[in-house]
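Undergrad: Dropping a structure here in structure tokens format, bear with me for questions.
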């Protein structure tokens, strides 16, 4: 890498937004039977000495059951090899595991490295299963400058952290380009997840009902994805290779409906990313 751009000397707190910075302390409503806890989020650069296990865990979560298809240790090492690109979000200081992360990898630049070989092949194969993703294989197989964006967070982390994560990522990419580093992308390819509600096989007797549930509305694990795909030149979901390892009954959580997860990709032209992030900000923080 070139000259290091560091943010760690002055860790960045979440912008002044009560939905992100803090959860309200104890509710004044006597009917509430739980307490709310104050939480301050901090932004840090990736640190290879601290963040290997947390990064590996969140990346595995991002790829869901198909995470087992890749060498996640090698992928985590690749992410950590570019500490000035991307961010971790933590609560109890730099020395703890991340609650969220975001980074971008140049697919063409790393195409000969093991984890990128595996993932780029996987992306091309999955894109070919969905006509809506037809634009993606040609870009990757043609060696175009595509930035692979990987963003994941623990389930209870508020979605309002997404806009500053994306904003800082674009700022860091811009600085890297000024330093003649290989981040001058033509497109960003965002990997994510969606899900559909399906009825548990324990309760289903009528297979027609089960089929109808599987064709239900698509939901987003990351609410910002619904906005980002409106700015995409291509987007769509795909079945996981290991989907049999993720049956509905194992994902039932306090409801009679299970969920079936899908991989999801969004391809955004680099020039349109700033407007896309601005739209995400307005959507998640409408009062600002």
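The values are calculated or read from the model by the stated rules, or taken from the named source; none is laboratory data. Everything numeric here is computed off the predicted structure, so don't read it as measured data. In this analysis, Cβ positions are derived from the backbone assuming ideal geometry, glycine residues included, and neighbour counts consider all displayed protein chains.
Undergrad: Please enumerate the residues belonging to segment 148-182 that are in contact with a helix residue (DSSP H, G or I) (Cβ under 7 Å, 6 or more places away or on another chain), within 21 Å of residue 78 (Cα to Cα) and part of a helix (DSSP H, G or I).
TA: If the condition is that a residue be in contact with a helix residue (DSSP H, G or I) (Cβ under 7 Å, 6 or more places away or on another chain), within 21 Å of residue 78 (Cα to Cα) and part of a helix (DSSP H, G or I), then 166, 170 are the ones that fit.
Undergrad: Okay, next question. When you go through 13, 30 one by one, which is the residue that is in contact with a strand residue (DSSP E or B) (Cβ under 9 Å, 6 or more places away or on another chain) and at pLDDT below 95?
TA: Result: 13 is the single residue among 13, 30 that is in contact with a strand residue (DSSP E or B) (Cβ under 9 Å, 6 or more places away or on another chain) and at pLDDT below 95.
Undergrad: Among (1) part of a helix (DSSP H, G or I); (2) without any contact (Cβ under 8 Å) to a residue 60 or more places away in the chain, which single condition is residue 139 missing?
TA: It is condition (2) that residue 139 fails.
Undergrad: Being at pLDDT 95 or above and closer than 22 Å to residue 192 by Cβ is the requirement here; does residue 45 meet it?
TA: no
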